[in-house]
Amino acid sequence: MPLDKFVLILVIVIAAAGATVWIGTLVAASTQMPLGWLAIVPVVLVVTILWRVIADRLSNREDDHYDRIEK
């Protein structure tokens, strides 16, 4: 496994753990405040941006060019 994919997996796992705690906190707080559900909008934006970045990174053939070069 190339090092860049391994690091990407580690970053995704750490980000997912942090996002889980953050979303849980937002959901718990939103039940206590009127219109608190609006706090979930930034979560949706961050998840969308992360999804697009990761999808672009995995499907970009220009980045894969350097994986085939002998070291």
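Residues Ile40, Ile14 ordered from highest to lowest accessible area at a 1.4 Å probe: Ile14, Ile40. Please turn the phi angles of the stretch 21-34 into ³J(HN,Hα) values with the Karplus equation 6.51 cos²θ - 1.76 cosθ + 1.60 (θ = phi - 60°), one per residue in order, whole Hz, x for glycine and proline. Per-residue couplings from phi come out as 5, 5, 5, x, 5, 5, 5, 5, 6, 5, 6, 8, 10, x Hz.
The values are calculated or read from the model by the stated rules, or taken from the named source; none is laboratory data. What you see is a predicted model; the values in this text were computed from it and never measured. Just the protein is used for accessible areas: all its heavy atoms, side chains included, with ligands, DNA and RNA removed. Shrake-Rupley method; radii C 1.70, N 1.55, O 1.52, S 1.80 Å.
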